[in-house]
Amino acid sequence: MASAQFDLRTRLASGEPFLFSWMTVPSPLLAGQVARLPFDGVCLDMQHGMIGFPDAVGMIAAINAAARPALVRSLWNDAATPGQCFDAGAKCVIAPMVNTRAQAELLVRAAKYPPMGSRSWGGYTAQQAAGLTPAEYLREANRMSMVFAMVETAEALENVEAIAATPGLDGLFVGPSDLSIALSKGAGIDKTGKETLAAMQKVAAAAKKNGLVAGAFGGSAEVIKSYLGLGFTFIAAAVDVDLMQWGAAELNRALRV
């Protein structure tokens, strides 16, 4: 049976920038609309957004229906969430708070089927969304399901070479706000500060050395351009609530002219 699912791995392997929207509002209806905006994918934020797993199930389906890949930033680096999100049809899970090689290995085990990991069987929704038989899905699932470890602490930065060398890991994803807070010892957030960018260069180099995708949270055109220049290609471009605020502000400016 032929699969019509979006091949995220092949798309990211091209090296072309992959800019995706970031959702915090729990709404399948809104997710379907956001998935039709001119971005390459949609990420559901289960950590700092208001999206729980029951919300995510409908949102993932709406995003897939729009022929865009559904990505998920999980609540934490836990053993349950990656498999659950992949079962629902997500193409990628970005896991926060991966600070050591051992934690990265646990993440891979949770996200991948044997022999690479120990993910539990039962992804019936994912099979249906991909148009695959169970045997086909089992054969393709580890390639189809991508997992990124977030680098957002001083400890993770110190261990980034070891984390990046974890077999089965697909990418590194920098949380620049948390990373800059950590590096400044709580002094502030500076996503394009000298120390932050130097740290991100280290992450990008570790990703490239190990054949991983380098990702980061951008959030604005200025920040995105800075990160593209460092070699990051998988970038969160804009948050749903920001897009609404920016659109409203632009309309008000136009009405005042």
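The residue list 192, 196 contains one member that is in contact with a Ser or Thr (Cβ under 7 Å, 6 or more places away or on another chain) and either part of a helix (DSSP H, G or I) or farther than 27 Å from residue 155 by Cα (or both), which is 196. Look at residue 80 and say whether it is without any contact (Cβ under 8 Å) to a residue 12 or more places away in the chain and surrounded by fewer than 16 Cβ atoms within 10 Å (Cβ to Cβ). No. Pairs linking a residue in region 7-34 that is on the phi > 0 side of the Ramachandran plot and touching a residue at least 24 places away in the same chain (Cβ under 8 Å) to a residue that is not in a helix (DSSP H, G or I) and not basic (Lys, Arg), with Cβ atoms under 7 Å and 6 or more positions apart or on different chains, are 15/233. Counting only residues that are in contact with a helix residue (DSSP H, G or I) (Cβ under 8 Å, 6 or more places away or on another chain) and not polar (S, T, N, Q), region 104-135 holds 18 of them.
Can you find, within region 9-31, the residue that is farthest from residue 218 (Cα to Cα) among those that are surrounded by 18 or more Cβ atoms within 10 Å (Cβ to Cβ) and in contact with a Ser or Thr (Cβ under 8 Å, 6 or more places away or on another chain)? The residue in question is 12.
Listed by first and then second residue, the pairs linking a residue in region 123-142 that is among the charged types (D, E, K, R) to a residue that is buried (at least 16 other Cβ atoms within 10 Å of the Cβ), with Cβ atoms under 7 Å apart and 6 or more places separating them unless they lie on different chains, are 140/132.
Output the residue which, of all residues in region 177-220 that are under 19 Å from the mean Cα position of the chain (by Cα) and among the basic types (Lys, Arg), is surrounded by the fewest Cβ atoms within 10 Å (Cβ to Cβ). This residue is 208. Just to be sure, is residue 160 touching a helix residue (DSSP H, G or I) at 6+ places or on another chain (Cβ under 9 Å) and of a type in the set (A, V, I, L, M, F, W, C)? For residue 160, the condition - touching a helix residue (DSSP H, G or I) at 6+ places or on another chain (Cβ under 9 Å) and of a type in the set (A, V, I, L, M, F, W, C) - is met. Taking interchain pairs and intrachain pairs at least six residues apart, which have beta carbon atoms under 6 angstrom, with the first residue in region 233-257 and in contact (Cβ under 8 Å) with a residue 12 or more places away in the chain and the second surrounded by 13 or more Cβ atoms within 10 Å (Cβ to Cβ) and among the small types (Gly, Ala, Ser)? Correct list of pairs: 234/215; 235/216; 235/218; 236/218; 237/218; 238/21.
Since every read-out is calculated from the coordinates, none of them should be taken as a lab result. Only a predicted model underlies this, so the values are computations on that prediction, with no experimental measurement involved. Positions of Cβ are generated from backbone atoms using ideal geometry, with glycine treated the same way; all protein chains shown enter the neighbour counts.
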